[in-house]
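Visitor: What follows is a structure written as structure tokens; I'll ask about it next.
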Amino acid sequence: MKLKRRGFLGGFNRFRLMLTLGLAVVLPAAALIYVNFSQLRAFERDKVLEAFIHRDFQELLAITEKKINKKAYAMTEDVRNLFPSPDIDTQEKEKRLDLILAKSPWLTHVFLFDEKSLVFRSQPHQMDNKYVREEHERMVEGYHVWFSADGKSMVEAIHKKTRPINFYTGPTKRADGEAYMTTAIFVLPQLANERVVVGGATFDPCYLKNTFFPGLLEEQVTQKMNDQGGNPLAMIVYPADVEMGHETKPLATSPGWGEGKPEVSRKLDDVFRGLALGIKFQGTSVAALGQTWVRRSFIILGCLSLLIISGLVLTRHIVSKEMALARLKSDFVSNVSHELRTPLALIRLYAETLELGRITTQEKKQQYYRIIRKESERLTALINNILDFSRIEAGRKEYEFRNTDIAELVRNTLESYRYQIEQQGFAFEESIDADLPAVPVDREAIARALVNLVNNALKYSSDEKFLGVKLYRENGVVKLEVADHGIGIARRDQSKIFEKFYRAGDPLVHNTKGSGLGLSLVRHITQAHGGEIAVESTPGGGSKFILSLPLAAATAQPGSA
Ligand code: ADP
């Protein structure tokens with residue numbers, strides 16, 4: 001009844017522990033892994049990273065446009081401040097405009113329109129160029145007509161602006177092909193609003209293409225890299241009305257553009273209307289980056305999940321092991337009490353019988369004395385085992401190695417068992433080599449190991465009663481073999497029987513009394529001598545325990561029993 005109750009409680013405890021492990025560790029871990037995976041998948045599906053980068057690109061393009069415009073305005077305002085009054089004579093105006101051109105090599109044309117007359121000057125050294133000359137003639141004629149017709153309304157409109165400048169950007173021609181020129185048209189600051197006077201300056205297309213845009217783009221890209229790092233960027237300026245393809249020639253690019261389309265683009269407004277700004281990563285695309293990022297995140301998450309799972313498996317393993325050990329310990333207590341009770345009961349019974357004086361024959365008396373001695377020997381052996389075990393567990397077990405004639409030690413130990421062995425009907429074979437050298441051992445410990453092995457052989461034999469003990473030398477070690485033809489040991493138990501408290505699950509074993517300490521002591525003793533213990537056994541076919549001791553002094557540290 002008691003045992004059943006404990007079994008039930010043990011099961012309940014195990015259940016409670018597993019439940020706690022499940023609810024407190026496995027479930028949260030599984031939920032965490034699941035949530036992370038689905039979040040990553042959503043990231044991948046909705047292209048969140050790509051969208052994020054695109055937004056960042058848009059922002060950078062807007063900032064770049066602002067910078068470009070600011071610079072264009074500032075340069076134009078500098079020129080505007082140099083403009084002469086419209087009220088001086090034409091020759092003087094020409095001189096002043098030429099001076100502006102000389103000071104501002106990035107301009108191609110400057111002009112001043114006053115009511116009806118237009119003074120138009122171009123960079124003298126560029127006038128050799130046929131494209132510039134044609135442009136000059138076209139503009140002189142066109143602008144005169146334009147300003148005469150629309151000058152008034154134009155001036156009114158410009159005056160309404162906070163920065164009184166209008167910009168016109170359009171295609172033109174140069175020797176190396178298509179070019180874009182930008183003309184600023186403004187009113188002069190000191191004049192009354194009603195006067196139809198406009199000044200103007202045309203940015204040199206070659207300057208825009210080769211200096212102005214590339215410089216600004218590079219500056220922006222470098223600044224972004226310095227601020228945030230990451231993959232190197234590249235920017236481009238191109239005509240807005242053409243679809244950017246491989247064959248389209250960009251107007252200007254930052255270094256490292258290479259080829260291909262921009263990832264994100266923005267049509268320019270105000271100063272450079274008609275042109276567009278584009279941006280991309282150097283040598284890679286946002287989609288590829290997104291894929292790499294997602295793949296890397298999946299790998300990292302996978303590794304972390306694996307770690308968590310291995311942690312859980314390990315924890316479960318350790319918990320199970322600890323629980324099994326706890327069970328073994330409680331079995332041990334009941335086994336030992338049982339083992340103590342039986343010899344004590346026998347001793348008491350025979351002593352009482354003798355005391356009553358009813359036994360008359362000397363032979364009977366001798367038999368009773370022998371039983372009492374044998375049972376007390378069994379008690380001593382058991383108590384010695386327990387004491388040794390507790391010393392080992394507390395780390396206080398000490399061995400005293402002395403050069404010993406091991407053949408004699410084994411022979412003497414067996415001698416005191418011979419009677420018991422034969423009494424129990426065992427066929428006993430003893431084979432001890434005569435010419436063994438002295439071996440440094442702790443005599444008491446080795447005798448105890450042998451006694452434990454012999455006891456086991458006697459305990460775990462049923463039908464065929466055989467005990468064989470061999471002592472011989474082989475390859476520099478002394479081997480002590482204890483063999484029986486008993487119940488044998490299942491393969492899965494063979495590695496465990498040397499652990500403390502462990503007893504095989506075989507019902508044949510459970511019919512036999514035992515504490516599960518014997519073999520763990522044998523192993524500890526052997527290792528303390530720098531030796532090894534091995535077992536060869538088949539269920540039903542008997543077992544053989546082989547203890548090897550080195551001939552030289554023991555140097556190995558004892559392992560735990
Ligand atoms: P105990 O014999 O007190 O149970 P041991 O540590 O001496 O403890 O042995 C551990 C287990 O190994 C035994 O319970 C038994 O299952 C198995 N065993 C040991 N020796 C033999 C043997 N000679 N034949 C069969 N089984 C054995």
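The values are calculated or read from the model by the stated rules, or taken from the named source; none is laboratory data. All figures in this text were calculated on a predicted structure; none of them were measured in a lab. Quick reminder, even Gly has a Cβ in these numbers, built from the backbone with ideal geometry, and neighbours come from all protein chains shown. For the accessible areas, the whole protein counts, side chains as well, though only heavy atoms, and no ligand, DNA or RNA atoms are used. Shrake-Rupley method; radii C 1.70, N 1.55, O 1.52, S 1.80 Å.
Visitor: Farthest toward the dipole's positive end in the chain, which of T353, L306, N335, given Cβ charges of +1 (Lys, Arg) and -1 (Asp, Glu) about the Cα centre?
Guide: T353
Visitor: Quick one: angle between helix 443-459 and the longest Cα principal axis of the chain, in degrees between 0 and 90, rounded to 10, please.
Guide: Between the helix axis and the principal axis of the chain, the angle is about 80 degrees.
Visitor: Ok, one more. Specify the angular offset, from 0 to 90 degrees and rounded to the nearest 10, of the alpha carbon long axis of helix 2-21 from the longest principal axis of the alpha carbons in the chain.
Guide: Approximately 10 degrees, to the nearest 10.
Visitor: Follow-up question, since we're still on this one. Dividing the alpha-carbon radius of gyration of the stretch 469-561 by 2.2 N^0.38 Å (N being the number of residues), what value is obtained?
Guide: For the stretch 469-561, the normalised Cα radius of gyration is 1.13.
Visitor: Another one. Report, to one decimal in Å, the Kirkwood hydrodynamic radius for the stretch 408-454 based on all distinct Cα pairs.
Guide: Result for the stretch 408-454 stands at 11.9 Å.
Visitor: Moving to a separate point now. With every protein chain in place, what's the accessible area of T353 (1.4 Å probe, Å², nearest 10)?
Guide: Rounded to the nearest 10, the figure is 40 Å².
Visitor: While we're on this one: For S330, S254, what's the largest-to-smallest order of accessible area, 1.4 Å probe?
Guide: S330, S254
Visitor: How large is the helix-only mean residue ellipticity at 222 nm for the chain, computed as the sum of -39500 (n - 2.57) over DSSP H runs with n ≥ 4, divided by its residue count, in deg cm²/dmol to the nearest 500?
Guide: -18000 deg cm²/dmol
Visitor: Here's a follow-up. Nearest 20 debye, what's the magnitude of the dipole of the chain about its Cα centre given +1 on Lys and Arg Cβ and -1 on Asp and Glu Cβ?
Guide: 2720 debye
Visitor: Continuing with this model, one more query. Counting heavy atoms of the protein chains only and a 1.4 Å probe, report the per residue accessible area for the chain as a whole number of Å².
Guide: Averaged over the residues of the chain, the accessible area is 56 Å².
Visitor: Mind putting together the pair-distance distribution for the chain? All Cα pairs, 10 Å bins, whole percent per bin, short to long.
Guide: Here the calculated profile for the chain is 3, 12, 14, 11, 7, 5, 5, 6, 6, 7, 7, 7, 5, 2, 1, 0, 0.
Visitor: Using a cut-off of 17 Å between alpha-carbon atoms, which lysines can reach K103, once sequence neighbours fewer than 8 places away in the same chain are excluded?
Guide: K93, K95
Visitor: I need the Kirkwood Rh of the stretch 394-550: take the reciprocal of the average 1/r across all distinct C-alpha pairs and report it in angstrom.
Guide: Averaging 1/r across every pair of different Cα atoms and inverting gives 15.9 Å.
Visitor: What list of whole percents do you get for P(r) of the stretch 376-429, with Cα-Cα distances grouped in 5 Å bins up to the one holding the largest distance?
Guide: 5, 14, 14, 18, 21, 17, 8, 3
Visitor: Hand me the GluC sites (Glu not before Pro) from the stretch 89-122 located in a DSSP loop with no more than 10 other Cβ atoms within 10 Å, in residue order please.
Guide: Sparse-neighbourhood loop GluC sites (Glu not before Pro): none present.
Visitor: K280's amide H: which non-local residues (gap 5+, or another chain) put their own amide H closer than 5 Å, with H modeled 1.01 Å from N in plane and none for Pro or chain starts?
Guide: Counting only residues 5 or more places away or on other chains, the set is A234, E263.
Visitor: Also, quick follow-up: Can you work out the base-10 log of I(q)/I(0) for the stretch 323-367 at q = 0.23, 0.31 1/Å, using the Debye formula on its C-alpha atoms alone?
Guide: -0.79, -1.00
Visitor: Please work out whether the stretch 77-207 counts as rounded, prolate or oblate from its C-alpha gyration tensor, where a ≥ b ≥ c are the square roots of the eigenvalues and a/c under 1.5 means rounded, while otherwise a/b larger than b/c means prolate and anything else oblate?
Guide: Prolate, since a/c reaches 1.5 and a/b exceeds b/c.
Visitor: May I ask for the angle, rounded to the nearest 10°, between helix 90-103 and the longest principal axis of the chain, with both axes built from Cα atoms and the value confined to 0 to 90°?
Guide: Once rounded, one gets 20 degrees.
Visitor: While we're on this one: Would you mind working out the magnitude of the charge dipole of the stretch 397-550 relative to its Cα centre, with +1 at each Lys and Arg C-beta and -1 at each Asp and Glu C-beta, to the nearest 20 Debye?
Guide: The dipole of the stretch 397-550 has a size of about 560 debye.
Visitor: At 0.36 nm per residue, and after removing the present C-alpha to C-alpha distance, how many nm does the segment from L289 to A175 gain when stretched out fully?
Guide: Once the chain is fully extended between L289 and A175, it gains 37.0 nm.
Visitor: Which GluC sites (Glu not before Pro) in the stretch 258-326 pass both tests, a DSSP loop state and at most 14 other beta-carbon atoms within 10 Å?
Guide: E259
Visitor: Ignoring ligands, DNA and RNA, what percent of the 1.4 Å accessible area of the stretch 397-550 is carbon and sulfur?
Guide: Of the solvent-accessible surface of the stretch 397-550, carbon and sulfur hold 44 percent.
Visitor: Which one, G530, A252, P164, is farthest towards the positive end of the dipole of the chain when Lys and Arg carry +1 and Asp and Glu -1 on their Cβ?
Guide: G530
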